[in-house]
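Enquirer: Before I ask anything, here is the structure I am working with.
The values are calculated or read from the model by the stated rules, or taken from the named source; none is laboratory data. Small disclaimer: the values here were computed from a predicted structure and weren't measured. A quick note on method: Cβ atoms are made from the backbone with ideal geometry, for glycine too, and the neighbour counts reach across all protein chains shown. Heads up: the accessible areas ignore ligands, DNA and RNA and are worked out on the full protein's heavy atoms, side chains in. Shrake-Rupley method; radii C 1.70, N 1.55, O 1.52, S 1.80 Å.
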Amino acid sequence: MQPYGIQSMLKEGHKHLSGLDEAVLKNIDACKQLSTITRTSLGPNGMNKMVINHLDKLFVTNDAATIVNELEVQHPAAKILVLAGKAQQEEIGDGANLTVSFAGELLQNAEELIRMGLHPSEIIIGYNKAINKTIELLDELVEEGSENMNVKDKNEVISRMKSAVASKQFGLEDVLCPLVAEACIQVCPKNPANFNVDNVRVTKLLGGGLLNSTIVRGMVLKSDASGSIKRIEKAKVAVFVQGVDTSATETKGTVLIHSAEQLENYAKTEEAKVEELIKSVADSGAKVIVSGAAVGEMALHFCERYKLMVLKISSKFELRRFCRTTGAVALLKLCQPNPDDLGHVDSVSVEEIGGVRVTVVRNEDGGNSVSTVVLRGSTDSILDDLERAVDDGVNTYKAMCRDSRIVPGAAATEIELARKLKEFSFKEMGLDQYAIAKFAESFEMVPKTLAENAGLNAMEIISSLYAEHASGNVKVGLNLEKGACEDISGLSIWDLYVTKFFALKYAADAVCTVLRVDQIIMSKPAGGPGRREQPAGMDED
């Protein structure tokens, strides 16, 4: 039988979904499923998710960015939310959960409006008006005087970082924040806008507890020194990328040896050549040799003879960071380094922490090169989660270097936005007023979720928050420990303005994109092996 209509136009095996029921509502449904997953992880009492990815790696975390990255989301509409979450993670580094959950809530409300008979384009117009108004209102809620901030002042940094870290590791923020703040302040350059997140490293070592965590000015390498010299102070460093070994020639050559003497001399000249190279490095004043590849046995023998410490760093990213820490210039092949190419370290020592031998490279005077947070914990999953909390803290620091304005946290901002947007919707005349009212309602998702995750009665809390805000107490938020509404300026729970700004903006953009779709046409998937995002053999960085 001959296919007809759209079937005859497209290749067989394709899928075509159109209309409200098939396309729009199905898209909304998929996005709602995704935001249901992340929503329960929102806030300090958020639950952990156990995600096992296609490589059998286990993640136990409540960090939404990690969760949506590791879930292999297949549905095209839900992927848009994932992309919004990723954009937030790259822009600010925190607030991905708010983006995804808020977008899901907006879509759920859009579905109710569609069932009431509104056209998606009217909803989009309403949502666009609402997000523009929200951004205006958000500016009004900024705490006065917070735009001027000394990024080197530890207490100011901690007060802004606290809520970002607490949402990942509730109860540990008082231990983690000072660590992260100190590490960030150490590497903060003269112009804070140039702060580089990569300069705060995290080394995870099993054993001990979080209270044993420390900060090292410099780097911590998870490897032992190659030779027998394990400690050296105030030394010059030479860095060789290609490894410290006898160099093989570029071209192939055949050596004819006629007698035993020639064979002996051949071996001797090789030894002499290696010794000459190592001696030239030692004469240049370097006490530490860092190699990017293997260290030959003969070379190691001569390094020992000239009392040189040998480190091996196989990852080229680590090698670059090492050069940044010490100020050395990486040389391609083993040769005598210029005095300018040598770096300087205050001390390099091999220490044993929790049964693991690590090499600690300290550079106290060097200023803003690299600092490392050494995290201790009982299991790998806990350490990974602590690392995510530290990452969030560092990213928040970067964001506050750019824009240090703060708004009240603990759902105070959201309730105030909801209240004011509701008032704004009554002034609108067209059908989009319903969309604006729903947009306002969506903000209730934040206090509701925070309350539900903490096991409190959400309805009571939202109504008492509204009552407080209506009587003019704009900074009243939700104190989860007491389960009551309280002025949060006393508790010092602040959120960064930029985090909220981008999270709401990305969420609204993603929602409008999903609502604009009215047909889905999927071709038959191509056969062959599935493509993976990342080629094998890449390291974590």
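Enquirer: For the chain, find the longest principal axis of its Cα atoms and tell me its angle to the long axis of helix 260-283, 0 to 90°, nearest 10.
Expert: 60 degrees
Enquirer: Going by alpha carbons, how many degrees (0 to 90, nearest 10) lie between the helix axis of 120-140 and the longest principal axis of the chain?
Expert: Approximately 70 degrees, to the nearest 10.
Enquirer: With no solvent and one equal point scatterer per Cα, compute the Debye intensity ratio I(q)/I(0) for region 230-345 at 0.19 Å⁻¹ and report its log10, rounded to two decimals.
Expert: Taking Cα atoms of region 230-345 as identical point scatterers yields -0.96.
Enquirer: Can you give the Kirkwood hydrodynamic radius for region 348-403, in Å, rounded to one decimal and based on Cα pairs? Intermediate values should be presented prior to the final figure.
Expert: On the way: mean 1/r = 0.0729 Å⁻¹.
So the Kirkwood estimate lands at 13.7 Å.
Enquirer: Right, something else. At q = 0.11, 0.12, 0.18 Å⁻¹, what log₁₀ I(q)/I(0) does region 313-427 have when each alpha carbon counts as one equal point scatterer in the Debye sum?
Expert: Per q value, in the given order, log10 I(q)/I(0) is -0.64, -0.71, -1.16.
Enquirer: If you roll a 1.4 angstrom probe over the protein chains with everything in place, what fraction of the accessible area of the chain belongs to carbon and sulfur, to the nearest %?
Expert: Working: 13550 of 26480 Å².
On the chain, the fraction of accessible area on carbon and sulfur atoms equals 51 percent.
Enquirer: In degrees between 0 and 90, to the nearest 10, how far off the longest principal axis of the chain does helix 173-187 point, with axes built from Cα atoms?
Expert: The two axes meet at around 60 degrees.
Enquirer: Convert 37 °C to kelvin, take the viscosity as 0.692 mPa s, use the Kirkwood radius over C-alpha pairs of region 58-162 as Rh, and evaluate the Stokes-Einstein diffusion coefficient in µm²/s, rounded to a whole number.
Expert: 196 µm²/s
Enquirer: Please work out the Cα center distance from region 211-289 to region 330-401, rounded to the nearest Å.
Expert: Spelled out, the Cα-based centre of one part sits 23 Å from the other.
Enquirer: At 222 nm, what helix-only mean residue ellipticity would the chain give, in deg cm²/dmol to the nearest 500, using -39500 (n - 2.57) for each DSSP H run of four or more?
Expert: Working: 18 runs with 251 residues, N = 541.
Result for the chain, helices only: -15000 deg cm²/dmol.
Enquirer: What FRET efficiency comes out for Glu72 versus His119 if R0 is 41 angstrom and r is the Cβ-Cβ distance? Round to the nearest 0.05.
Expert: Values: r = 34 Å, r/R0 = 0.82.
The value I calculate is 0.75.
Enquirer: Could you report region 273-317's accessible area per residue, 1.4 Å probe, as an integer in Å²? Intermediate results must be reported in sequence, preceding the final value.
Expert: Values: 2060 Å² over 45 residues.
Value returned for region 273-317: 46 Å² of accessible area per residue.
Enquirer: Could you run the Karplus curve 6.51 cos²θ - 1.76 cosθ + 1.60 with θ = phi - 60° over region 445-450 and give me ³J(HN,Hα) per residue in whole Hz, x for Gly and Pro?
Expert: My calculation for region 445-450 gives 4, 5, x, 5, 5, 4 Hz in order.
Enquirer: Continuing with the same structure: If you average 1/r across every pair of different Cα atoms in region 203-289 and take the reciprocal, what Kirkwood value do you get, in Å?
Expert: Radius from the Kirkwood sum: 17.6 Å.
Enquirer: Restricted to Cα positions, what overall size does the chain have along the principal axes? Three whole-Å values, descending.
Expert: 101, 75, 38
Enquirer: To the nearest whole percent, what portion of all C-alpha pairs in region 105-197 is separated by more than 20 angstrom?
Expert: Numbers: 2596 of 4278 pairs.
In whole percent, the share of Cα-Cα pairs in region 105-197 beyond 20 Å is 61.
Enquirer: Roll a 1.4 Å probe over the protein chains and send me the accessible area per residue for region 392-461 in Å². Numbers along the way, then the final one.
Expert: Working: 2440 Å² over 70 residues.
I get 35 Å² per residue for this part.
Enquirer: On average over all directions, what projected area in square nanometres does region 351-510 have, based on the convex hull of its Cα atoms? The partial results should precede the final answer.
Expert: Details: hull surface 56.6 nm².
Over all viewing directions, region 351-510 projects a mean Cα-hull area of 14.2 nm².
Enquirer: Would you mind telling me the antiparallel percentage of the DSSP bridges in the chain, rounded to 5? Mind dumping the intermediate values first?
Expert: On the way: 37 of 56 bridges.
Looking only at bridges with both residues in the chain, the antiparallel portion is about 65 percent.
Enquirer: May I have the convex hull volume per residue, in Å³, for the Cα set of region 31-82?
Expert: Values: hull volume 3.5 nm³, N = 52.
In region 31-82, the Cα convex hull volume per residue is 66 Å³.
Enquirer: With contacts defined as alpha carbon pairs under 8 Å and 6 or more residues apart, what's the relative contact order of the chain in percent? Intermediate results must be reported in sequence, preceding the final value.
Expert: Numbers: 966 pairs, mean separation 140.3, N = 541.
Result for the chain is 26 percent.
Enquirer: Which values, in whole Å and largest first, are the semi-axes of the equivalent ellipsoid of region 106-148 obtained as the square root of 5 times each eigenvalue of the Cα gyration tensor?
Expert: On the way: eigenvalues 206, 19, 7 Å².
Working through the eigenvalues yields semi-axes of 32, 10, 6 Å.
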